[in-house]
Amino acid sequence: HSTCFKMATVQDWKDRITPLLVGIDRHNPDNVPILQEYLLFQVTSKNYDFEANLTLMKLYQFHVDLFDAKCVAMAMLKSLMQLPENHFTMLKYIVPITQQVDEELKPVFDMYKMLESCEFKKFWSFYSEQLELVNGIIGLTEAVQTYIAGLLNNTYQSIDKSFLLEYLGFRNDDELKVFAVKQGWTDKGQQYFLLNKEDVIKPKKIISKIEFDSVAAILSTDD
């Protein structure tokens with residue numbers, strides 16, 4: 001009944017989905033197929049609808065026979081893209097622990113833990129092994145890089161390029177250079193001067209060759 005929506009516009013989808021997210025219809029398991037199709041639309045575009053995905057996840061919670069691990073993984077990855085918003089955590093509490101260790105879902109939860117603990121080098125290494133899982137999620141890589149850059153902006157003023165390549169998962173300086181321009185970072189040879197909102201009142205921190213664990217510790221305690 002929803003095939004005609006495959007080429008629908010964002011507004012078409014909104015008009016179709018919005019009535020399903022209110023009142024008693026929110027609990028109707030017959031809505032699972034159209035909500036799953038809407039999720040696929042979000043994944044293959046840059047659109048995002050947390051309320052619709054939350055409704056789908058709750059329907060899975062109460063109708064276990066309809067549970068679809070692939071769709072849950074997609075919803076979780078879309079929520080991961082919203083960091084530092086807490087959407088991932090909110091959805092995580094709906095997924096039973098027994099299903100979080102499902103072979104299709106465990107990598108998603110593992111990636112979140114790595115980001116949460118600022119194990120960025122480990123994250124990108126693991127991420128590169130999950131291409132089948134992550135490749136179809138439009139904008140995922142860029143969203144994670146932007147999230148990490150935000151943490152770095154709030155923590156450091158200057159940082160070695162070698163660390164940035166590791167933290168952001170770039171393969172070479174050229175990729176990093178394009179990203180740095182978008183971020184408003186200044187190229188200082190072997191380092192980048194980051195865009196820090198607190199430059200005026202915060203003493204300069206120059207990050208050079210220090211252990212990765214030290215960086216992770218600093219980041220994980222930083223607000």
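The values are calculated or read from the model by the stated rules, or taken from the named source; none is laboratory data. Quick caveat, the model's predicted, so the values are computed rather than measured. Neighbour counts run over all protein chains shown; Cβ positions are idealised from the backbone, glycine included. Each accessible area value is taken on the protein alone, full model and side chains, heavy atoms only, with ligands, DNA and RNA left out. Shrake-Rupley method; radii C 1.70, N 1.55, O 1.52, S 1.80 Å.
Would you be able to tell me the number of residues in the stretch 150-184 that are aliphatic (A, V, I, L, M), surrounded by 17 or more Cβ atoms within 10 Å (Cβ to Cβ) and either out of contact with any Leu (no Cβ under 9 Å at 6 or more places or on another chain) or touching a residue at least 40 places away in the same chain (Cβ under 8 Å) (or both)? Spell out the reasoning first.
Restricting attention to the stretch 150-184, the residues satisfying the condition of being aliphatic (A, V, I, L, M) are 151-152, 159, 164-165, 168, 176, 178, 180-181.
Checking which are surrounded by 17 or more Cβ atoms within 10 Å (Cβ to Cβ) leaves us with 151-152, 159, 164-165, 168, 176, 180.
Add one more test, that the residue is either out of contact with any Leu (no Cβ under 9 Å at 6 or more places or on another chain) or touching a residue at least 40 places away in the same chain (Cβ under 8 Å) (or both), and what stays is 151-152, 159, 168.
The qualifying residues number 4.
Among the candidates K46, K78, K6, which residue alone is modelled with pLDDT of 95 or more and charged (D, E, K, R)?
Numbers: K46 fails: modelled with pLDDT of 95 or more; K6 fails: modelled with pLDDT of 95 or more.
The match here is K78.
For the stretch 33-47, what are the residues that are open to solvent by less than 30 Å² (accessible area, probe 1.4 Å) and either under 9 Å from I137 (Cα atoms) or out of contact with any Ser or Thr (no Cβ under 6 Å at 6 or more places or on another chain) (or both)?
Passing the criteria: L35, Y38, L39, Q42, V43, S45.
Every residue, every condition in (1) closer than 21 Å to V22 by Cα; (2) touching a residue at least 12 places away in the same chain (Cβ under 8 Å), yes or no:
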residue	(1), (2)
F50	yes, yes
D65	no, no
K70	no, yes
L80	no, yes
I94	yes, yes
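Identify, please: which residue in the stretch 102-136 is open to solvent by less than 10 Å² (accessible area, probe 1.4 Å) and not in a helix (DSSP H, G or I) and is, among those, nearest to V72 (Cα to Cα)?
Applying the filter and picking the extreme gives L105.
Taking only the stretch 58-101 into account, find how many residues are of a type outside the set (A, V, I, L, M), farther than 24 Å from K46 by Cβ, open to solvent by 50 Å² or more (accessible area, probe 1.4 Å) and assigned to a helix (DSSP H, G or I).
5
With respect to I159, determine if the residue is β-branched (V, I, T) and in contact with a strand residue (DSSP E or B) (Cβ under 7 Å, 6 or more places away or on another chain). Please lay out each step first, then the result.
Values: β-branched (V, I, T): yes; in contact with a strand residue (DSSP E or B) (Cβ under 7 Å, 6 or more places away or on another chain): yes.
Yes: the conditions hold for I159.
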